[in-house]
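The values are calculated or read from the model by the stated rules, or taken from the named source; none is laboratory data. What you are looking at is a predicted structure, and each value in this text was computed from that prediction instead of being measured. Here Cβ is always computed from backbone atoms with ideal geometry, including for glycine, and neighbour counts include all displayed protein chains. With ligands, DNA and RNA removed, areas are computed over all heavy atoms of the protein, side chains included. Shrake-Rupley method; radii C 1.70, N 1.55, O 1.52, S 1.80 Å.
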Amino acid sequence: MSATRYAYLGPEGTFTEVALRTLPEAATRELVPMLSVPAALDAVRNGEAAAALVPIENSVEGGITATLDELAGGEPLMIYREVLLSITFALLVRPGTKLSDIKTVTAHPAAQPQVRKWMAEHLPGALWESAASNADGARLVQEGRYDAAFAGEFAAATYGLEPLVTEIHDAENAQTRFVLVGRPARPSAPTGADKTSVVIWLADDHPGALLELLQEFAVRGVNLMLIQSRPTGEGIGNYCFAVDAEGHIADRRVGEALMGLKRISPKVRFLGSYPRAGVSPDEVRPLRAGTSDAAFTEASDWLARSQDGRI
């Protein structure tokens, strides 16, 4: 395995590259662009890279399905870090292009919900075509296949384009969340401001099936930050659920919730426990009464005493 290489969703000039370069260790790694999320993750699976940074969620559209599906299937991988990046788009064009010249536009599918209203107002007749990434869309404009691309303004110079319009976004303060993914290993130690990600499969489709899964978190005071259903590919009505929960697998409440899920679910895939981006332990909401590690230990000791007749 190449311990000095980090893969990312490319080509050069993507928001993913910008997010990756915010990590201190990126300065000492060879950063390798890949043309798709599956290609970036497969580079980790086959040993071409030690880790890969890929987008997993944005604040406008929710989960990035390509990433969720790749993490749910195939050889297991684990999340070790997350990065939050504020997102605003520029409309990149070949030099000399005017707004009235634009008949076709392209970008990554996740960009469309973030610029839909702007397009309806300023480019109502333009045809949208999806690209593998926003930077790849810029490359396609450079090659003359499309008239314009929504991408980061920073990508313009890389592809010989001009930012015709900047600061494009339908939602203020839009962010995309990226995760650094590697091969499975022991999670880093708890920080007090952590997140745990899992994928859970339903045993069968019956009334209350999802509620049964959620109750494993609720009764232990574990707050959920994301839950998204994804088809398993095994027929209509067969779903798994990608879940992000507050806390670390080493926390008693989280560990016991995961054990509870394993008892009632045919398959649970642990995707990692890792520090939350931009959150300090002081900013984490107080635990509900009876859900701290100390409370779980006290309850366990009480049970042991009761079993021994030491009431």
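Other residues lying with their Cβ under 12 Å from the Cβ of Thr158 contribute a combined charge of -3, Lys and Arg counting +1, Asp and Glu -1. Think of it as helices only: each DSSP H run of n ≥ 4 in the chain is worth -39500 (n - 2.57), and spread over all residues that comes to -7500 deg cm²/dmol at 222 nm. Using a probe of 1.4 angstrom and keeping all protein chains present, the accessible surface of region 153-209 works out to 49 square angstrom per residue. Assuming charge only on the beta carbon of Lys and Arg (+1) and of Asp and Glu (-1), the dipole of the chain about its Cα centre is about 500 debye to the nearest 20. Applying 1/(1 + (r/R0)^6) with R0 = 25 Å to the Cβ-Cβ distance of Lys117 and Glu12, what FRET efficiency is obtained, to the nearest 0.05? So the FRET efficiency works out to roughly 0.30. Remark: spin-label model distance His169-Thr22 equals 1.1 nm, labels positioned 7 Å along the Cα→Cβ axis.
Surface composition of the chain: carbon and sulfur atoms hold 52% of the protein heavy-atom accessible area at a 1.4 Å probe.
Pairs of Cα atoms nearer than 8 Å and 6+ residues apart set the relative contact order; for region 1-80 it is 34 percent. Relative to one another, the C-alpha centroids of region 1-45 and region 143-217 are positioned 15 Å apart. Among Ser197, Ser130, Ala157, which residue has its Cα positioned farthest towards the positive end of the charge dipole of region 111-262, with +1 placed on the Cβ of Lys and Arg, -1 on the Cβ of Asp and Glu, and the dipole taken about the Cα centre? Selected residue: Ser197.
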